[in-house]
Amino acid sequence: MTSTAVEMSFAEQTDIRAAAVRARRMYPGEIGELVYRELLAYADFGHRFARDALIPDLAARILTEARSPRVRGS
């Protein structure tokens, strides 16, 4: 069996884990916990099986939202 998995760099794994922690703060409760767990699982081993960019896109969005100022009430 040949592996087509692409290993993630340490920096990429660190970014995914940072997004997981940030998601837990941004989305309290069950949703935040679910996103947290999915991102950590992806960073640990899920990237070997994923065929799309859903999780990396989610992580990038969370980190982008965490850096940008939000307008409350809009």
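Only the coordinates and a few stated rules stand behind these numbers; no lab work does. Predicted model only: the values in this text are computed from it and were never measured. Every residue, glycine among them, receives a Cβ derived from its backbone with ideal geometry; neighbour counts consider all protein chains shown.
Which peptide among 14-24, 28-38 comes first, and what is the full order, when sorted by highest mean count of other Cβ atoms within 10 Å?
14-24, 28-38
Working out 0.36 nm times the residue gap between residue 9 and residue 48, then minus their Cα-Cα distance, what length gain in nm do you get to one decimal?
Details: separation 39, 0.36 × 39 = 14.04 nm, distance 1.25 nm.
Residue separation times 0.36 nm, minus the Cα-Cα distance, leaves 12.8 nm.
Could you work out the local net charge near residue 27, counting Lys and Arg as +1, Asp and Glu as -1, over the other residues with Cβ closer than 11 Å to its Cβ? Mind dumping the intermediate values first?
Values: positive: 22, 24, 25; negative: 30, 33, 65.
Combined, the nearby Lys, Arg, Asp and Glu give 0.
Could you work out the local net charge near residue 43, counting Lys and Arg as +1, Asp and Glu as -1, over the other residues with Cβ closer than 9 Å to its Cβ?
On the way: positive: 17; negative: 12, 15, 44.
Within the 9 Å Cβ shell, the charges total -2.
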